[in-house]
Amino acid sequence: MPGIDIKDKVILITGANRGIGKAFVLTALAQGAKKVYACSRDEANLAEVLEAGGDKVLPITLDVTNQEQVDAAASQAPDVEILINNAGVGANLDKPVSASASNDEKRMQLELNVNYFGIVKMVRAFAGILNNNGGGAIVNILSIAGLSNFPFAPGYSASKHAAHAITQHFRAELARNNTLVAGVYPGPIDTDMAKDLPLDKTSPEAVAEHVYAEIAKGSEDIFPDPYAQGFVQQLEADRKALEKASAALIQN
Ligand SMILES: NC(=O)c1ccc[n+]([C@@H]2O[C@H](COP(=O)([O-])OP(=O)(O)OC[C@H]3O[C@@H](n4cnc5c(N)ncnc54)[C@H](OP(=O)(O)O)[C@@H]3O)[C@@H](O)[C@H]2O)c1
């Protein structure tokens, strides 16, 4: 699939009010995007990106688990060429989770609803729009936890594994539309989500720059930070050894 440059493109970003999503907005503006639809559950939280972008940034109220809001976003943004599915949740990434704790299933359902079904809803709503606009790209922000279980966050890992699988499916399905479908697999990134994670973290701005450079080359699988790049090397070298090393984190 040919690559797609951010310059002069119309981009829609979910979860654009903070963290990696905000960095995607600001970096797109810095790289000459034509228009950015910045989506947030609460438009009041978009003040900073709206101020940064002037009339190039358009706010959209969007909870990705709400089908009516997803459909309304598609009506508001018929010129989108690049869709970035960034919104995500992952609670207590630093703490061991007991599978028998009474609230675990609720949390797992939330993670599946946002991290997996959110992407499904968005791709269904926007695939036709991208096709009408020449193909474009869908960029799904997944996680290295979607390639091998992260034992502190089993529900999060499962939701990201599901999102990884559906990303592969959409890539196959939408190839006929000339749509690049990229999966992004970050390691620890310096945002609210990972604030208690005791690991070296990469800045969200570096992630955004790396992702835009990779989609310009047509990359399908993107590892945007040194931790993720090391992780995938271990995965490819010995998947089982990596699983055992992760398991040991909650066995000692
Ligand atoms: N940080 C990391 O270490 C890391 C590593 C791997 C992958 N990721 C992935 O990167 C993506 C961005 O995460 P982040 O690190 O930037 O986390 P973050 O700072 O916690 O930001 C999460 C964003 O998602 C939004 N969001 C949550 N639920 C939503 C929903 N139902 N509908 C729409 N938006 C929703 C949040 O909006 P509100 O402000 O309204 O809550 C917020 O804008 C996520 O998919 C995450 O899984 C992060």
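Observations on the structure shown:
- Matching option when the condition is touching a residue at least 40 places away in the same chain (Cβ under 8 Å) and within 20 Å of Lys121 (Cβ to Cβ), among Asn85, Asn17: Asn85
A quick yes/no check of all residues on (1) of a type in the set (Ser, Thr, Tyr); (2) over 21 Å from Ser203 (Cα atoms); (3) modelled with pLDDT of 95 or more:
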{"position": "Asp94", "(1), (2), (3)": "no, no, no"}
{"position": "Val97", "(1), (2), (3)": "no, yes, no"}
{"position": "Gly118", "(1), (2), (3)": "no, yes, yes"}
{"position": "Phe126", "(1), (2), (3)": "no, yes, yes"}
{"position": "Ile141", "(1), (2), (3)": "no, no, yes"}
{"position": "Ala175", "(1), (2), (3)": "no, yes, yes"}
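- Gly19 vs. criteria farther than 21 Å from Ile166 by Cβ, open to solvent by less than 40 Å² (accessible area, probe 1.4 Å), out of contact with any Cys (no Cβ under 6 Å at 6 or more places or on another chain) and more than 13 Å from the ligand (Cβ to nearest atom): no
- Total residues in region 39-52 satisfying the condition of being closer than 19 Å to Asn86 by Cα and in a helix (DSSP H, G or I): the figure is 8.
- For the condition of a type outside the set (Asp, Glu), at positive phi and open to solvent by 50 Å² or more (accessible area, probe 1.4 Å), Asn149 does not qualify.
- Filter result for Ile11 (away from the ligand (no atom under 11 Å from the Cβ) and assigned to a loop (DSSP other than H, G, I, E, B)): no
- From Val64, Val57, Val49, Val89, residue being hydrophobic (A, V, I, L, M, F, W, C), over 19 Å from Ala208 (Cα atoms) and at pLDDT 95 or above: Val64
- Among the residues of region 226-240, those identified as over 14 Å from Gly183 (Cα atoms) and open to solvent by less than 50 Å² (accessible area, probe 1.4 Å) are Gly230, Phe231, Leu235.
- Scanning region 190-213 for residues that are within 26 Å of Gly3 (Cα to Cα) and of a type in the set (Gly, Ala, Ser), we see that the one that is surrounded by the fewest Cβ atoms within 10 Å (Cβ to Cβ) is Ser203.
- Residues (of a type in the set (A, V, I, L, M, F, W, C) and either open to solvent by 20 Å² or more (accessible area, probe 1.4 Å) or not in a helix (DSSP H, G or I) (or both)) located in region 214-225: Ala216, Ile222, Phe223
- For region 60-82, a residue qualifies if it is within 13 Å of the ligand (Cβ to nearest atom), in a helix (DSSP H, G or I) and surrounded by 15 or more Cβ atoms within 10 Å (Cβ to Cβ), and the qualifying residues are Gln69, Val70, Ala73.
- Condition met for Gly187 (surrounded by 24 or more Cβ atoms within 10 Å (Cβ to Cβ) and within 14 Å of the ligand (Cβ to nearest atom)): yes
- Subset of region 29-43 (residues that are open to solvent by less than 10 Å² (accessible area, probe 1.4 Å), of a type in the set (Gly, Ala, Ser) and closer than 22 Å to Ala216 by Cα): Ala33, Ala38
- Asp55 being farther than 26 Å from Leu142 by Cβ, open to solvent by 40 Å² or more (accessible area, probe 1.4 Å) and charged (D, E, K, R): yes
- Qualifying residue in region 99-114 (condition: within 16 Å of the ligand (Cβ to nearest atom), touching a strand residue (DSSP E or B) at 6+ places or on another chain (Cβ under 7 Å) and at pLDDT 95 or above): no
- The listed residue being under 21 Å from Gly88 (Cβ atoms) and open to solvent by less than 10 Å² (accessible area, probe 1.4 Å), out of Leu26, Leu46: Leu46
The values are calculated or read from the model by the stated rules, or taken from the named source; none is laboratory data. Just so it is clear, the structure is predicted and the values come from calculations on it, not from any experiment. All Cβ positions, glycine included, derive from the backbone under ideal geometry; neighbour counts span all protein chains shown. Surface areas here come from the heavy atoms of the whole protein model, side chains and all, with no ligands, DNA or RNA. Shrake-Rupley method; radii C 1.70, N 1.55, O 1.52, S 1.80 Å.
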